[in-house]
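No lab work stands behind these numbers, since they all come straight from the coordinates. Only a predicted model underlies this, so the values are computations on that prediction, with no experimental measurement involved. Here the Cβ is made from the backbone with ideal geometry for all residues, glycine too, and neighbour counts use every protein chain on show.
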Amino acid sequence: MPANEIVTTQILEHSFLDGKKVFVPCIYKRSKPEPGIPTSIMDMLELKSLDDFRALKPDNWGIPTIPKDSIPHRKNCFGVSGLSEEHPDEKADDAGLDLLVMPGMGFDLSFGRLGHGKGYYDYFLQRYAEHSQKGLVSKGMPFLAALSLNEQILGQDEQVPMGPTDWRVDALIQGDGTVLRAD
Ligand SMILES: Nc1nc2c(c(=O)[nH]1)N(C=O)[C@@H](CNc1ccc(C(=O)N[C@@H](CCC(=O)O)C(=O)O)cc1)CN2
Ligand SMILES: Nc1ncnc2c1ncn2[C@@H]1O[C@H](COP(=O)(O)OP(=O)(O)OP(=O)(O)O)[C@@H](O)[C@H]1O
């Protein structure tokens, strides 16, 4: 969470100045919970501008968060407006992400990632993969770049526990600027 992670403000600012589209996480409770699927899930919603970003208010964890009343008026990374659960299987032009910047509690040198135990990122990535397989997003999987403080990286012989739903990242960007790439 913000007190224990690399601050992403400059990445966001730089992305806007570079003319990129920027999406941020939006956590919500699914309206129709189903067994075996997390009840609280994450979508990625578009920020309209740098001013839009700067106007976000921090939530209880200090994370700048999209106001609820603006959700229906924002593009989702799956190309539809508002929350993705309201538009299952809807094909949209210009959908998808090139890059996903991922936080985490800990990382290992085999690109394993330990999240906050909510499955937000892992389940989002599974949904993205399903959208991609169905041809609902034109891009493939985003490049997964984890941001890690040096203290969050385990030593050579240690691994974070990885289960069947956990995704390995493509690159580990360390607090001292070192970048490790999986390929
Ligand atoms: N900067 C940043 N943004 C991020 C994350 C992060 O780690 N860093 N997240 C990384 O995951 C997500 C937010 N993570 C969260 C992790 C835990 C709880 C939490 O404890 N929530 C409540 C109730 C949640 C619910 O509705 O179920 C709780 O459990 O008491 C909330 C958000 C998305 N955005
Ligand atoms: N693809 C999925 N399908 C169903 N449940 C999932 C999926 N991905 C994760 N979950 C569930 O979410 C819960 C939390 O998973 P896990 O402990 O791996 O989260 P994490 O990687 O620490 O968190 P995050 O992904 O938010 O960073 C687990 O109960 C897990 O089974």
Q.
Report the gain in length on full extension from residue 129 to residue 162: 0.36 nm times residue separation, minus Cα-Cα distance, nm rounded to one decimal.
A. 10.0 nm
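When DSSP beta bridges are limited to those with both residues in the range 106-183, what percentage is antiparallel, rounded to the nearest 5? Walk me through the numbers on the way to the answer.
Numbers: 5 of 10 bridges.
The answer is about 50 percent antiparallel.
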Q: Take peptides 154-166, 38-50 and line them up by average Cβ neighbours within 10 Å, highest first, as a rough protection proxy.
A: 38-50, 154-166
Q) Taking Cα pairs under 8 Å and at least six residues apart, what relative contact order does the range 1-114 come out at, in percent? A) 19
Q) What is the gain in length, in nm to one decimal, between residue 57 and residue 30 on full extension, counting 0.36 nm per residue of separation less the C-alpha to C-alpha distance? A) 7.4 nm
Q: Place +1 on the Cβ of every Lys and Arg and -1 on the Cβ of every Asp and Glu in the chain, take the dipole about the Cα centre, and give the residue among 65, 180, 82 whose Cα lies farthest towards its positive end.
A: 82
Q | Mean separation of Cα contacts under 8 Å (6+ apart) over length of the range 40-183, as relative contact order % | A | 23
Q | Distant-in-sequence amide H partners of residue 102 (H built 1.01 Å from N, under 5 Å) | A | 145, 146, 147
Q) Where the centre of each part is set by its Cα atoms, how far does the range 1-79 sit from the range 123-176, in angstrom? A) 18
**Q.** Segment residue 9-residue 143, length gained on full extension (0.36 nm per residue, minus Cα span)
**A.** 46.3 nm
Q) For the range 34-100, what is the relative contact order in percent, using Cα pairs closer than 8 Å and at least 6 residues apart in sequence? A) 25
Q | Distant-in-sequence amide H partners of residue 47 (H built 1.01 Å from N, under 5 Å) | A | 22, 23, 24
Q: Could you pull out every one of the aspartates and glutamates with an alpha carbon less than 14 Å from that of residue 75, ignoring same-chain neighbours closer than 8 positions?
A: 43, 46, 52, 85, 86, 90, 93, 94
Q. Roughly what % of DSSP beta bridges within the range 1-147 run antiparallel, to the nearest 5?
A. 80
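Rounding to the nearest 20 debye, state how big the charge dipole of the chain is about its Cα centre with +1 on each Lys and Arg Cβ and -1 on each Asp and Glu Cβ.
The dipole of the chain has a size of about 460 debye.
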Q. What lysines sit close enough to residue 68 to cross-link, taking a C-alpha to C-alpha distance under 23 Å and skipping anything fewer than 8 places away on the same chain?
A. 21, 29, 32, 48, 57, 118
